Each structure stands twice: as structure tokens, then as C-alpha cells.
Amino acid sequence: MAKAPIKTHAALYRIPTLMLVCLFAICTLLAAAYGLNIYHKIQKGTELNFTGRTGLAYVATKMRQSQAVAVEIPNPFTLVLVEDVDGQSYATSIFLKDGVLREYFGSHTPDSAVFNTPITAASEFSVAFLTEDLIEITVGDHEGNLYQMSVYMPQAMQEANL
């Protein structure tokens, strides 16, 4: 009597290969999700850093570019750069209002703003004289990070009304 041929199940031999491919696909998706999460965290940190430093750099550049004859700090949260143009006194005021660092420009009288420009979002802003001609600026973002810079202004006369 002849033996019946043994049936081999070829599909059973493909299961380990299929499982390996599925494991590779799952690991690839997990690695991509982890990488995407890290990318979003880095992007958010970079954006916050850019926002804080941009406001600080803007104020410092404004101070350096000004032809201020006087720098006034009426309170620790307001910087006023007084300039004389053709015998007329003009003031640039930089201060924090409603979570936005703002710049007002106009004649050196109250409520005379010609320009009212938002600079950047911020949670804190302070200005102080370190010496007679060295001013420290501090800008804080909404995450609690503080950015500081000192600006040397030898041409300006200190007029602090603290």
C-alpha cells in the first residue's frame, strides 16, 4: 500500500516573515510618532525663545538708533526716549499693556501718540539704570522665561523719576 503524500502547509512558513514585517511597521510608526513629538517640543521652544528675544532686540535697537537727548524711566515698567527734531520735542514710549509690549511715538506731551505699534507678546517688561549711561532691559514671555540685555547710551542724560 502506498503512502499518501504528506500535505505541507506553505502558509505556516510565511507567518514568521509576516510577523517580522508587521513588527517593523509598528516600530517605524512608533519612532515616527516619537520624532514628531520631539520636533513639536523643539519648535515650540524655539518660537518662545524667538518671541522673547525679538522684543528685547527691538527695544535695544530702538534705543541704540535713537538720537535721544534724555532717557526717562517714569516707573520701572516704562521707557521714554526723548528726542529733539527741529526744535520740537518728541518722545518714544515703550511699555507693556494688556500682555503686549507696545511703542508709542509722538510729541512729548501726554496722550499725543502719533504711532501706537505693538512690538511683541510679553508678560513682563522692566527697565532700570545700572549706571548713569547703562540701561538694563528685561522682557518676559508667557512661559515665565526672562530675557535681559544691557544697553550703553552715552549720549543720553538720565532722568529717572522713581
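Throughout, read-outs are computed from the coordinates displayed, never taken from laboratory work. Values in this document were obtained by computation on a predicted structure and should not be read as measured data.
The table for this structure:
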quantity: Rounded if a/c under 1.5, otherwise prolate or oblate - the chain, Cα gyration tensor axes; calculated: prolate
quantity: Most fluctuating residue given options Ala32, Ala128, Ala60, as computed from a GNM of the chain linking Cα atoms under 10 Å; calculated: Ala32
quantity: Stokes-Einstein D in µm²/s, Kirkwood radius over Cα pairs - the stretch 3-97 at 10 °C with 1.306 mPa s viscosity; calculated: 80 µm²/s
quantity: Distant-in-sequence amide H partners of Lys97 (H built 1.01 Å from N, under 5 Å); calculated: Arg102
quantity: The stretch 95-106 - phi-based ³J(HN,Hα) in whole Hz, Karplus 6.51/-1.76/1.60, Gly and Pro as x; calculated: 7, 9, 9, 6, x, 10, 6, 10, 10, 10, 9, x
quantity: In Hz, Karplus ³J(HN,Hα) per residue of the stretch 40-55 (6.51, -1.76, 1.60; θ = phi - 60°; x = Gly, Pro); calculated: 5, 5, 5, 4, 5, x, 5, 5, 4, 4, 4, 4, x, 6, 5, x
quantity: Net lengthening on full extension, Phe77/Glu47 (0.36 nm per residue, minus Cα-Cα); calculated: 8.4 nm
quantity: Calculated [θ] (222 nm, deg cm²/dmol) that DSSP helices of n ≥ 4 give over the chain, each run adding -39,500 (n - 2.57); calculated: -13000 deg cm²/dmol
quantity: The stretch 40-80 - convex hull of alpha carbons, volume per residue in Å³; calculated: 56 Å³
quantity: Note, ³J(HN,Hα) from phi for the stretch 15-20, Karplus 6.51, -1.76, 1.60, rounded to Hz, x at Gly and Pro; calculated: 4, x, 5, 5, 5, 5
